Each structure stands twice: as structure tokens, then as C-alpha cells.
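Please treat every number below as a calculation from the coordinates, not as lab data. It should be emphasised that the depicted structure is a prediction, and the values quoted were computed from it without experimental measurement. Here the Cβ positions follow ideal geometry from the backbone for every residue, glycine too, while neighbour counts run over all protein chains shown.
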Amino acid sequence: MLKVEGLVCHYGKVAAVRQLSMEVGRGELVALIGANGAGKTTTLKAISGVLPPAAGRIVFLGEDIVRASPKRILELGIAHCPEGRRVFPYMSVLENLEMGAYLRSDRAQVTADMERLFERFPILFERRHQAAGTLSGGEQQMLAISRALMSRPKLVLFDEPSLGLAPNLVERTFDIVKAIRAEGVTVVMVEQNAFAALELADRAYVLDQGRVTMSGPGLALLNDPHVKAAYLGG
């Protein structure tokens, strides 16, 4: 479904991603793990078109999207749920969800999708007229995930979905990611909780200083001595 080859990304003169290559199959949950500054978030930004790469190819469903606009990438079916939730704080919950569907013209289905999301997250229905910036961190995360799903994506990019959440909400967030994947949506997830990410992932890539240093099935990496020592505290 997604193939990244030789990806290079810069912030000014600083190389954040260096010759990174990875693949994501249809229906997979693929995790990217690594220390802060390893290039994980930058990789997601390049895939979603937020950060134009300096070099490399990104092919999604047979189309090279490396020079495509974020709008075109969203039209093709890639939704990005960014780090820090990034809801529109002065817009209502309802308006945030409508923004997630702004490229869609099937209004009846948009309404049906919104109703299903309200069934999944009743608190969002209760707060549908409330400004998103007044929600708790967990509620904002539910809203950010729901907004991404309103585009009916084929692939969702999750960047640190558990970051900053209370412990009781972290497990709920991972359950939501599992449910999304079970519904047939392909997932690429960057996650600070490497243990949880590897438990969930079909496959994973370990990044270090912008390069892939290891890859393999999630459970295999979970039991790898180097990964344990570097990222799992053991």
C-alpha cells in the first residue's frame, strides 16, 4: 500500500531523516519507534505532505506522492493525526468533525459517520457544541482521532497518540487504535510507549538519527535484546 524509498528530510541545513526506506502493507499496523529526535515525526510529516522531502520517493497505492499537496494526499486516503492532538481550539467539537470531512460531498454518509463516532465516543456527543480547546486532554485526543476518521481514510498516521494522557486513558487510546485497524484501516503509528507499540504492531521499524537501524515483526523486536536494552528499560 505504502512504499518509502531513500527518504531524506531537512530542517534548514539539519538532516532529520537520512535515506529512510519502509513499506506498509494493506491492513497492517506498522510502528515506528526510537529516541526523541530519531526522525519518526518527520517521516509522518513527509508522508502526509506537511514537510516536502529533499529526496526520495513515497508511493501510495501506486501513485508517487512525494510532490503532492496535503490536500491531494488526503484525497487519496491518508489522514494524519498529529502529535499534541492539534484540534481547532476555538471551534466546537461538531465543527472540528466537519473539518475532517471537508473534502467529502456525500453528506448523508458524513452524517452517518458522525453518528457512529458519537456512539463510540458519547462524551463528544455531550460536548458537541463546546469549544474543542476547553476539552480535557483525553477528550481532545478522542476528537483528534475522530476528526481523522471523518475523512474515511485508507491509511491513518498516528503520532504519539498516548502522549500526555493519564494512565487510565492510555490503554483506552490503544484499544481505539486496535479497533480502527480491525475495521480494515491501515495504521502507521509513532509511539513513545515502545512496549505497547510493539505489542500492537504487525511490523515495526527502529529509527536512530534519521535512519532505520532495525525492522521486523513487532513481537520479534519486543524480544530482541538490543531493543529491550535501548527502548524497553531492560
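Loop-located GluC sites (Glu not before Pro) in the range 151-215 (DSSP state not H, G, I, E or B) with no more than 10 neighbouring Cβ atoms inside 10 Å: 183. Per-residue ellipticity at 222 nm from helix content only, as computed over the chain with -39500 (n - 2.57) for each DSSP H run of at least four residues, stands at -11000 deg cm²/dmol. Placing dummy labels 7 Å off each Cα toward the beta-carbon, the span from residue 175 to residue 116 is 2.0 nm. With 0.36 nm allotted per residue and the present C-alpha distance subtracted, the residue 223-residue 125 stretch has 31.1 nm of extension available.
Rounded, prolate or oblate: which one fits the range 1-91, using the alpha carbon gyration tensor with axes a ≥ b ≥ c (rounded when a/c is under 1.5, else prolate when a/b beats b/c, else oblate)? Because its axes are fairly even, with a/c under 1.5, the range 1-91 counts as rounded.
Computed from phi, the 3J(HN,Hα) profile of the range 80-94 under the Karplus parametrisation 6.51, -1.76, 1.60 (θ = phi - 60°) reads 10, 9, x, 4, x, 6, 6, 6, 7, x, 8, 9, 6, 4, 4 Hz, with x in place of Gly and Pro. Modelled this way, with points 7 Å down the Cα-to-C-beta line, the labels at residue 182 and residue 75 are 3.5 nm from one another. As a calculated quantity, the FRET efficiency between residue 55 and residue 209 at R0 = 22 Å, using C-beta atoms, amounts to about 0.85. Where does the Debye-calculated log10 I(q)/I(0) of the range 2-231 sit at q = 0.18 Å⁻¹, using only Cα point scatterers of equal weight, no solvent? Those come out to -1.39, one per q. Note that the range 215-231 has calculated 3J(HN,Hα) couplings of 7, x, x, x, 5, 5, 5, 4, 9, 6, x, 5, 5, 4, 5, 7, 10 Hz, one per residue in order, obtained from phi through the Karplus relation 6.51 cos²θ - 1.76 cosθ + 1.60 (θ = phi - 60°); glycine and proline are x. Total lysine pairs in the range 2-231 at Cα distances under 29 Å, for residues eight or more apart or on different chains: 22. In sequence order, the range 163-168 has phi-based couplings of 4, x, 8, 5, x, 5 Hz under the Karplus curve 6.51 cos²θ - 1.76 cosθ + 1.60, θ = phi - 60°, and Gly or Pro positions carry x.
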